[in-house]
Structure formats: structure tokens, C-alpha cells
1. Using the Cα atoms as the points, what is the convex hull volume per residue of segment B:1-119 in Å³?
2. Average the reciprocal distances over every distinct pair of alpha-carbons in segment B:477-521, invert the result, and give the Kirkwood radius in Å.
3. Dimensions of segment B:70-197 along principal axes (Cα, Å, largest first)?
4. For chain A, find the longest principal axis of its Cα atoms and tell me its angle to the long axis of helix A:94-104, 0 to 90°, nearest 10.
5. P(r) tail for segment A:268-324, what percent of Cα pairs lie past 13 Å?
6. What FRET efficiency comes out for residue B:307 versus residue A:53 if R0 is 41 angstrom and r is the Cβ-Cβ distance? Round to the nearest 0.05.
7. Please compute the average number of Cβ atoms from other chains found within 10 Å of each residue's Cβ in peptide B:169-175.
8. Using a 10 Å cut-off on Cβ atoms, rank the peptides B:218-225, B:165-172, B:178-185 from the highest mean neighbour count down.
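Please treat every number below as a calculation from the coordinates, not as lab data. All of these numbers come straight from a predicted model, not from anything done at the bench. Reconstructed Cβ throughout: ideal geometry from the backbone, glycine too, with neighbour counts over all protein chains shown.
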Ligand SMILES: Nc1ncnc2c1ncn2[C@@H]1O[C@H](COP(=O)(O)OP(=O)(O)OP(=O)(O)O)[C@@H](O)[C@H]1O
Ligand SMILES: [Mg+2]
């Protein structure tokens with residue numbers, strides 16, 4: 001493991017910002033910390049950088065203990081970092097901002113020039129070397145921060161919402177740019193973002209955080225398809241929650257029947273699921289996993305529903321359907337023929353209908 | 001409403017024209033007059049710069065300025081860093097303490113240092129008693145003494161401005177440099193210090209200008225070869241030798257021009273360098289470091305050292321005020337209230353004058369400062385920048401220059417100088433920036449939407465001002481009022497030229513007592529009495545509005 005975080009615990013006064021986080025990151029891997037505002041992403045990143053001293057826990061980078069057994073200051077950790085607020089030095093020109101770390105390594109001038117040029121080109125800022133940060137737009141400043149973090153080809157790259165201020169086109173290009181650079185240079189990267197689509201594209205694995213804890217760690221597909229709990233299912237993508245009570249639990253098969261307002265559904269139990277004492281639970285099924293079938297061929301999990309509302313979203317259609325009084329959101333091809341008010345038959349695939357803790 | 005603003009603007013400009021521009025133009029014109037031929041020309045200036053003596057005083061003053069700036073910077077830099085960065089207990093009290101010299105009159109410091117470090121002062125006597133030295137060491141009488149006393153006096157300006165600069169730096173800027181591999185010292189010199197420079201400069205310029213305006217301290221230390229001192233002597237004592245008198249006026253103008261140019265240069269430089277704050281979404285209030293124990297102890301010792309130096313002034317003056325014949329003895333032996341009995345024969349008149357003049361000046365200050373602050377912060381009247389500029393300039397303008405120009409301008413023509421009103425008028429003009437800054441800062445902190453809400457509800461501008469703005473501004477204004485009062489109360493440079501028999505103020509009384517026959521005990525007792533008054537006022541300020549004081553003077557990033 002290249003980066004190893006063990007039992008990391010950090011609080012500010014009474015606020016627990018990072019709550020016993022464990023994370024192991026392989027060399028060359030891109031890990032994304034994903035979660036809502038205030039869940040402790042930045043603080044975790046700062047603990048890795050050494051900008052924050054945790055109350056407990058170990059940080060190990062490349063086999064060398066950084067914290068707990070002694071403390072390696074940030075300047076000695078050999079990391080590159082993009083700060084959430086850029087932290088571009090306003091008194092230095094773009095060139096000097098990027099060259100700062102290289103100059104500290106006492107490299108020859110020509111080498112510095114070459115490397116800075118390369119980094120600025122990568123972020124699309126060549127020609128702006130002479131400008132002061134005050135003369136740049138927010139997005140340009142962010143790219144200076146990115147160039148500065150990349151220019152030394154650090155072993156570890158920490159990125160705190162590095163693309164938050166760019167337009168959609170540029171953001172897409174930069175994601176690709178960052179990813180290929182990280183791959184090419186075998187950099188290990190920890191990436192922080194709010195944006196789940198961005199997390200899906202850029203990461204090898206995603207760590208979803210909630211109030212200081214990592215609630216799920218996995219490859220993007222697993223996070224999406226097998227959310228560990230309701231919070232993850234809700235935060236990543238959109239989903240339908242169906243409330244009910246468990247009536248028949250088959251723990252050996254990992255299945256259970258759920259009695260809902262509109263009938264019985266067969267569902268799959270999530271891995272970590274434990275039956276609660278009052279046996280009321282919620283099942284989650286994603287809009288695109290609800291199937292529309294021509295006629296009721298199966299016996300189970302098939303329901304008649306009425307289309308309450310159609311929303312056109314370009315290459316597909318969202319329809320809101322009601323079964324009795326339950327409202328479900330379904331994603332269907334844009335050429336669906338039924339109109340609002342008409343009836344359809346839907347099938348809730350038991351494999352996709354997950355009962356989550 | 002535009003017409004109302006125009007009216008305010010016109011009235012304010014009329015006041016500025018009559019009490020600032022008009023008298024100063026007299027000074028300029030007078031400096032061009034030839035003593036013998038009564039004709040106008042540049043001859044005086046040519047004479048001045050050809051005369052090796054005046055050139056020497058000029059160079060002396062310049063060297064003194066540089067030395068004082070160097071000393072205060074060397075001592076102030078670590079202090080400012082400790083105050084703004086280290087988490088240390090008792091920092092607040094200490095910060096308040098080192099503010100003290102700003103409001104204390106410079107002569108108070110000079111007196112107490114003479115008692116302590118003079119030829120027959122405490123330290124020398126002790127050293128001789130112990131047999132360590134045979135002859136007294138000259139601690140004070142010379143450029144080193146001036147550097148010593150002026151540095152103590154001016155240190156707060158450097159510390160305040162630098163620590164405001166350090167505090168204003170977004171912590172992530174330093175963290176970024178840390179991540180890039182820069183360790184402590186390197187980071188300090190490449191990131192921290194450059195970013196604090198605009199703030200530093202704002203304080204440094206006031207320090208640098210000081211020796212060009214302080215005529216009294218050199219005289220107390222028996223030094224005359226400094227520009228302001230020689231100006232004072234030439235103008236005040238050479239009624240017959242017209243050539244010397246005109247040299248005095250020329251040197252006043254030269255100092256004023258130097259002060260104003262340096263002030264403007266630094267302002268322009270600061271404007272250019274003032275980095276637009278780039279960061280977004282940071283909530284932290286500057287970086288705070290928990291220093292290791294050794295550094296902590298070192299910091300405490302250093303802070304203690306500075307605090308003792310600063311506190312020496314009031315303590316020594318107090319001791320001398322309550323003792324008699326504290327001469328040729330290292331410590332006072334005979335305690336008495338004699339000095340106070342003596343000063344209370346003379347003082348009530350002085351005190352009455354001081355209060356009357358400062359109080360009247362304050363009324364002028366409020367009447368002018370409030371509308372001026374309103375005009376500058378809340379309207380788009382043309383020329384408001386110029387107004388702000390001219391008033392702010394008075395901070396850099398030597399008091400002597402103002403005194404002389406008032407004497408020249410208001411003697412004939414508009415004979416204000418024969419009436420006591422000239423005293424509060426000159427104080428008002430000289431100290432106005434102190435009130436305006438504060439009013440300005442409180443206005444900036446007042447959210448404009450609060451006023452807009454009142455106007456939307458149907459209130460007129462004037463009604464809004466009295467029902468919404470004024471009540472909300474009150475705290476800041478009050479601090480401004482007290483600061484103004486303190487600074488007017490201890491003013492001497494302008495008053496010394498304008499007072500006539502019966503108009504003596506407390507500072508003039510102190511000066512005269514010292515000057516007459518080295519009545520040290522009495523001068524010291526008066527100075528102590530004065531310090532007590534100032535200190536009480538300062539406590540009020542600290543209690544009511546420490547924060548607003550910082551906003552107006554600390555973090556204004558070059559708008560001193
Ligand atoms: N220096 C600090 N002092 C006090 N509390 C802090 C400090 N830094 C962070 N916190 C608190 O710790 C918690 C986690 O903050 P953190 O900045 O890590 O969140 P985040 O996940 O990065 O949020 P965002 O997406 O909004 O940037 C928050 O509740 C925050 O208020
Ligand atoms: Mg954050």
C-alpha cells in the first residue's frame with residue numbers, strides 16, 4: 001500500500017471532523033473522497049498533507065510513517081496539493097507561482113523554465129506566465145493551482161475540488177488531462193469532490209463520506225449498484241425509496257419479502273443488513289432499473305401504475321408513476337408511447353430492489 | 001438629494017480651503033520671499049541647500065529617520081509575529097500595553113529616559129556606585145539617544161501594521177508554500193513577509209516621517225542639528241535675524257515637502273501592491289501556531305522586555321512626580337506631594353485651557369468629520385477622493401509647518417490669531433484624520449442595506465441618518481471622538497507657535513517648566529498627571545471599541 005491511513009481521528013473543539021477513518025491507497029491509484037459539504041473531506045486531505053495534526057491515527061506514505069510515530073512536516077512529504085481556495089500567491093506572477101517548488105530544489109534555470117512551460121501548457125495557460133493572479137479569472141487561477149501541484153511530479157497528489165470553478169467543457173477536458181497525467185507519472189492521487197459524475201469518471205475507487213466517516217469504499221460501479229446504505233444510495237445518483245415491513249426473511253438466500261402500501265415485493269438484502277427490531281425498512285430501486293413490460297408475465301413484483309407526469313430529458317424520459325398512493329420515478333426511452341393518465345405495467349427486479357440499512 | 005450632497009460638499013471644501021489650503025499657501029509664498037529685498041524668488045532655497053550647516057541638519061535628520069526605522073523594524077518584526085501568530089496567554093493585555101506610546105506625548109518618554117539613563121541618571125549612578133564605570137556613560141545625548149527614545153515611541157506603529165499584515169494573510173497561502181517544500185525561514189521570506197509588506201509600509205512611512213516633524217525630543221537631548229529643531233529655533237527665537245528666520249521657514253517647507261512626498265509615494269506603492277484578495281470560502285482568521293516550549297519562553301521574555309521598556313515611561317515619571325530631589329541618587333528617597341501642590345497652583349489654568357481647546361476642536365471635528373465620512377463612503381460626489389486625500393495628508397504634515405503657516409496667514413488679513421479660537425481651530429485641522437478615519441471605518445462596516453431599508457420604508461436621507469445610521473455608528477464614532485481628544489490634548493508642535501499669554505495648554509506648561517530652569521520635578525509631575533488623564537481615556541477606548549480601533553488603524557492595509 002502506498003498511502004495508509006489508520007484510525008484517523010480529528011476534531012475541532014467539539015466538532016468531530018474526521019471520525020476514525022481507515023483508508024489504503026495503492027500506488028498509482030486515484031481515490032476520490034465524495035460526500036456532502038462539511039463531511040470532513042478537506043480535513044482528511046489536510047491530515048494526509050500534514051497541514052493538520054490529528055488527535056489519533058497513523059498516516060503512512062510509501063512505507064514511511066508521517067504521523068503518530070514522529071511528525072514529518074508538509075514540506076518534507078513530497079506532495080503536490082490543489083487547495084479548495086486555490087491559495088495562489090497574489091504577489092507572485094503565474095510563472096513564479098508554478099516555479100516556486102522547483103526553485104526550492106535548486107534546479108537549473110533552463111530545467112525550471114521547461115517544466116513550468118510544460119505544466120502551464122497542460123492546463124492550457126501558456127502565454128500567461130507574466131500575469132499576476134489578480135489579473136486572472138477564477139477558473140484560470142484554479143488551473144494555476146493545478147499546474148503548481150503537478151509541476152514537480154510529486155509522488156502523491158492531493159486535489160481539493162480542483163475543477164469546481166471551471167465551465168462544463170473545460171472541466172471534462174481537465175478530468176481527462178489529470179487522469180492521464182496521473183497515470184503517466186504513476187502518481188497516487190486523492191481527489192475531493194462534491195460532484196458524483198466527476199467522481200465516477202476520474203476515480204479508480206470512491207470513498208463516500210458522511211459526518212466524518214467513510215461509509216462505503218469501492219469501485220464506482222459497486223458504489224452505484226450496491227450502495228452500502230440509504231445515505232449512499234441517495235447521495236450517488238437518484239433512487240426511489242419504498243417503505244414497508246419485512247414479512248418473510250430468507251437470510252440464507254439474502255432475500256426477503258417486503259409488505260408495502262401497494263403489495264408484497266421480493267427484495268435483495270444488502271450485505272451488511274441486519275433485521276431491525278420493529279422490522280420496518282426501506283428498499284431502494286433506481287429509476288433506470290424499473291422495467292416497463294407489455295403484460296404481466298411474472299407473478300411477483302409486477303404492478304399496474306398510472307403515469308402522473310412525463311419529463312423530457314433529451315435522450316431519455318423521466319416518468320413519475322403512481323401505484324395506489326406511492327410515487328415512483330422511472331427512467332424510460334424517449335419514445336415511450338403512453339401519455340399522462342394512461343396505465344402501464346412495471347416490474348421491480350428483485351435483484352435490483354435492495355433493502356438497505 | 002443630489003443637491004443636499006452638493007451643499008455638504010461645498011461647505012466642507014470651503015472649510016478645507018480656508019483652514020488648510022489658504023494658510024499653507026501663505027507658508028509657501030513666505031518661503032519664497034527674500035529677507036533683504038522683499039522680493040520673491042528661489043534665493044532662499046538656493047541659500048538653504050548651499051549652506052553646509054543646513055545640509056548637515058538635513059542629512060542628520062535623514063540618517064536619524066533611517067536608523068529609527070531600522071531599529072523599530074528589527075525589534076517590531078518578531079514582536080508582530082508573536083502577537084499575530086503564536087497562541088500565547090496574556091497576549092491581549094500585552095497588545096494593549098504596547099499601544100501606550102502612540103498616545104503618550106513624545107516628551108514624556110524623553111523625560112523619563114533622562115531620569116533613567118541621563119548623565120546623572122539612575123543607571124549611571126548605579127554603575128558608578130558599583131564601581132563598574134568611572135565616568136557616566138553617555139546613553140542619550142547624541143543620535144543614539146534619539147534613536148532610542150523615538151524607537152520606543154514609534155514601535156507600536158510598526159507592530160500594529162505588521163501584525164495586521166500577518167493576520168490578513170490567508171493561511172492557505174502559507175500552507176501551499178509548505179506543501180511545495182518550503183521550510184520555516186524560507187516560507188517567511190518568500191511568502192509571509194512580501195504579503196505583509198503593504199501593511200508594513202503604511203506603518204513604516206509614519207515612523208520614517210516622525211524625525212522630520214519632532215523638534216522637541218532633539219532639543220530636550222540638547223541636539224539642535226536636526227531639521228525640525230533648527231526650524232523651531234530659527235522661527236521662534238530669531239525675530240531680528242531675518243535671514244535665519246527665513247531659513248527656518250524654508251526648512252519647514254522642505255520637511256513638509258519631504259513628508260508629503262514620501263507619504264504619497266508610499267501610498268501609491270501600496271495601492272499598486274495591494275493584492276486583491278483572491279481566496280474564497282475560507283473562514284479562518286489568520287494562521288495561529290502553537291509554538292514549541294522554548295520558543296514560547298523566548299517570546300514571553302521578549303514581550304516582557306518590550307513591556308518593561310514601555311512601562312518605564314509612566315513609572316519613572318510617576319516616581320519623580322511623587323518624590324523630591326531625585327537627583328544624584330539612584331532611587332528616590334524623599335516622598336512628597338510637594339510637586340503636585342506646586343503644579344496645582346499653575347495647572348488648573350493649563351488644564352482649563354487644554355480642555356477648552358481640545359473640546360472645542362472636537363466639536364469642530366465632529367461637525368466636519370461626520371458629513372465628510374458620509375460624503376466619502378456613501379455618495380458619488382465629485383472630488384470626494386481629493387477631500388479625503390487632503391485631510392489624510394495632515395497625518396504626515398509637520399505640526400510646526402501648520403503652526404507657522406497659521407501664524408503667517410491669520411495675523412493680518414483674517415486676524416484670527418489674536419483670538420483664542422485659533423488654538424482649537426489648528427488642533428481641529430491637525431487631528432482631524434484621527435476622527436475621520438474612525439468615522440470612515442465605522443461607516444464601511446455599516447451594511448448599506450440597513451439604510452436602504454429605512455429609505456424604502458419612506459424615510460428621508462436625513463431622517464435615515466439620525467434614526468438608523470447614527471445609532472449604529474455610535475460606538476465607532478465614540479472611539480474616534482476619544483482618539484481625537486487624546487491626540488488634541490497632547491498636541492504641542494502647532495500650539496507652541498500660536499499660544500499667547502494666558503492660552504498655555506498643559507503640554508506647553510510642561511515644556512515651559514522644563515525649559516525655564518530645568519524644573520524637572522514639576523515638569524515630570526505635570527507629564528505624569530497628563531499621562532493619567534490619557535490613560536483613563538485610553539482605557540475607555542479599549543473597553544468600548546478595541547475592535548473598531550483595529551479596523552480603522554490596523555487592517556486598513558495602507559490607508560493610514
Ligand atoms: N479550522 C476549523 N475549525 C473548526 N471547525 C472546522 C475547521 N475546519 C473544518 N471544521 C469543521 O469540520 C467539519 C469538516 O470540515 P471539512 O472542511 O473537512 O468539510 P468538507 O467535507 O471539506 O466540506 P466542503 O465540501 O464544504 O468543503 C465541518 O463541520 C467544519 O465546520
Ligand atoms: Mg472542503
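1. Values: hull volume 31.5 nm³, N = 119.
About 265 Å³ per residue, rounded to a whole number.
2. Details: mean 1/r = 0.0850 Å⁻¹.
Its Kirkwood hydrodynamic radius stands at 11.8 Å.
3. 58, 30, 29
4. Taking Cα atoms only, the helix is inclined about 70 degrees.
5. Numbers: 1195 of 1596 pairs.
Here the tail beyond 13 Å accounts for 75 percent of pairs.
6. Working: r = 32 Å, r/R0 = 0.77.
The value I calculate is 0.85.
7. Numbers: counts 2, 6, 3, 10, 8, 3, 9.
That works out to 6 on average.
8. On the way: B:218-225: 18.8, B:165-172: 22.0, B:178-185: 20.2.
Answer by packing, highest mean first, reads B:165-172, B:178-185, B:218-225.
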